[in-house]
Amino acid sequence: MALPAGTVSANLLAAQERLMQLQATSRQHRLAAGLPVDQHNAAPATASLTTAQVATRLPDHLGWGSAAVTAVARQTRQPNTPTTANVDWPLEPASCEPPPDASSSPPLGNDTLKLYPDIAIGLFSREQTAPGRIWLLLRHLDSKGCGWLDLSSVREQLATKGSAWRVCGWRQLRNLLNQGEGVFWVRANGRLWLRSVANVAAALQVPRLVLPPVALPVTALTLGIGQVRAHLYASFHSSRGTKTGTRPAAPIARATIASLTHVQPRAQRRYEKSVRVRSKRHFAIGDRADAQVMENAAWQRGNALFTLMDKKGKQGSSRQRYVAWQLPNSYTGPHKAQPKGQQKRINQALSDLFMQGMTGNGHGRLEKRYYGHGRAAAAAYSRGRNHEIYWYDGRLGAWYCLAPEGRKK
């Protein structure tokens, strides 16, 4: 029979009750298994919610907007209960400290700076090696490339005991700053403004950067001033050895080195031993030895002359004697070569800084005597040179001479 309107049968009520029980049981199993559950429609699960969670689901006038509900939530919350903000995350938070500045870190053994040997020669010629060392150090300490440093920071780094960059005391540093004023830097408003390579070269009367740059270890600048001078001198030999390739560097006499670097032979030997500059002996082979040739050669070569017997016949017939003599040594420095980089731009700036006709004053250019192969030596010989010309034979490891008087025959 039909039920009156608005009346629900007992069977339907029982079925609905059974369905709600099954849903609650299933929901509990999914919660225990960690599976996603739609908890917004779950009435039994509401009892397990905390007061704070219930408050977030209520309207504003009943939730956190209600003073009564907020007071109850604060009372029921345990003071020692950890919150989600205190959960240990798998990743550590990043440090907020800035990276250490290069000026405050100690120098490393592999840290180098680019040194132009012509600048080093200018330091010797103007007796500015001590303030020049400070200028090179400050260029390295200016890691950001600002072109200036605070005087207080310079004093702390270079003149404070315990600093890894300390090279002298404050009184000596003050004297060096006064000595290098206008050449390497300008002081103003508590800052030390560093001058560029071109301006320093012009102040040292270096008209042009000819030799390729080398890599100078930064740790060498923190040693004694004698070691610093030795490295500055050795940069000349390191740069000359970079242009020869497989053949050895061209021989060069002690007197020639002294005229170019303004370092006397006695100091040259001391510096070379200090920084381990390697030397190589060279010999030249001349004409066949007879009485007349040996007499003329003895006047020219002195004690360097000797007789070479060609036992294997590499020069001609076997067991033939030739005039031979020892040439100046060649040298190999301890520094590695560096790319030229802005050397061309620096030379252009130097040409603008020097007045017309001033470039080259006091810097005589030496005529080339040694060539890597015979073709280049023959070309120089045909141009009418007034001095001896040598060319290197890599197969025999010796030099051959083209005498100037031979052209008259």
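The values are calculated or read from the model by the stated rules, or taken from the named source; none is laboratory data. These numbers come from a predicted model, not from an experiment. All Cβ positions, even for glycine, are placed from backbone atoms using ideal geometry, and neighbour counts span all protein chains on display.
Residue under question is S317, and the condition is that it be surrounded by fewer than 17 Cβ atoms within 10 Å (Cβ to Cβ), over 30 Å from P117 (Cα atoms) and not acidic (D, E); does it hold? Yes; evaluated as a whole, the condition is true for this residue. Filter segment 377-393 down to the residues that are in contact with a strand residue (DSSP E or B) (Cβ under 7 Å, 6 or more places away or on another chain) and not in a loop (DSSP other than H, G, I, E, B) and list them by number. A377, A380, Y381, I389, Y390, W391, Y392, D393 - these are the residues of segment 377-393 that are in contact with a strand residue (DSSP E or B) (Cβ under 7 Å, 6 or more places away or on another chain) and not in a loop (DSSP other than H, G, I, E, B). For segment 195-217, filtering for residues that are touching a strand residue (DSSP E or B) at 6+ places or on another chain (Cβ under 9 Å) and over 15 Å from R133 (Cα atoms) leaves 3. When Q348 is tested against (1) at pLDDT 85 or above; (2) surrounded by fewer than 17 Cβ atoms within 10 Å (Cβ to Cβ); (3) more than 35 Å from the chain's Cα centre (by Cα), only condition (3) is not met. Only a single item in (1) among the charged types (D, E, K, R); (2) surrounded by 13 or more Cβ atoms within 10 Å (Cβ to Cβ); (3) out of contact with any strand residue (DSSP E or B) (no Cβ under 8 Å at 6 or more places or on another chain) is not met by K311, and it is number (2).
Taking residues in segment 119-132 that are closer than 13 Å to Q264 by Cα, and partners anywhere that are among the basic types (K, R), the pairs with Cβ atoms closer than 8 Å and at least 6 places apart or on different chains are F124/R229.
Residue-wise test of (1) modelled with pLDDT under 90; (2) charged (D, E, K, R); (3) surrounded by 15 or more Cβ atoms within 10 Å (Cβ to Cβ); (4) within 26 Å of H373 (Cα to Cα).
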residue: L216; (1), (2), (3), (4): no, no, yes, no
residue: R229; (1), (2), (3), (4): no, yes, yes, no
residue: F236; (1), (2), (3), (4): no, no, yes, yes
residue: I257; (1), (2), (3), (4): no, no, yes, yes
residue: R269; (1), (2), (3), (4): no, yes, no, no
residue: K273; (1), (2), (3), (4): no, yes, no, no
residue: V277; (1), (2), (3), (4): no, no, yes, yes
residue: F283; (1), (2), (3), (4): yes, no, yes, yes
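Taking the conditions exactly as written (modelled with pLDDT of 80 or more and loosely packed, with under 10 Cβ neighbours inside 10 Å), does P339 satisfy them or not? Here the answer is yes, as P339 does meet what is asked. In this structure, does W399 turn out to be part of a strand (DSSP E or B), at pLDDT 80 or above and in contact with a Lys or Arg (Cβ under 6 Å, 6 or more places away or on another chain)? In short, no.
If you check K280, K273 for being in contact (Cβ under 8 Å) with a residue 24 or more places away in the chain and of a type in the set (D, E, K, R), only one passes: K280.
Scanning segment 252-303 for residues that are part of a helix (DSSP H, G or I), among the charged types (D, E, K, R) and out of contact with any Pro (no Cβ under 8 Å at 6 or more places or on another chain) yields R266, R269, R270, E272, K273, E295, R301. Residues in segment 317-338 that are without any contact (Cβ under 8 Å) to a residue 60 or more places away in the chain and hydroxyl-bearing (S, T, Y): S317, S318, Y322. Residue-level check: of (1) under 23 Å from A403 (Cβ atoms); (2) modelled with pLDDT of 80 or more; (3) of a type in the set (V, I, T), V293 misses just (2). State whether one or more residues within segment 139-154 are surrounded by fewer than 16 Cβ atoms within 10 Å (Cβ to Cβ), touching a Phe, Trp or Tyr at 6+ places or on another chain (Cβ under 9 Å), more than 19 Å from I225 (Cα to Cα) and not aliphatic (A, V, I, L, M). For segment 139-154, residues surrounded by fewer than 16 Cβ atoms within 10 Å (Cβ to Cβ), touching a Phe, Trp or Tyr at 6+ places or on another chain (Cβ under 9 Å), more than 19 Å from I225 (Cα to Cα) and not aliphatic (A, V, I, L, M): present.
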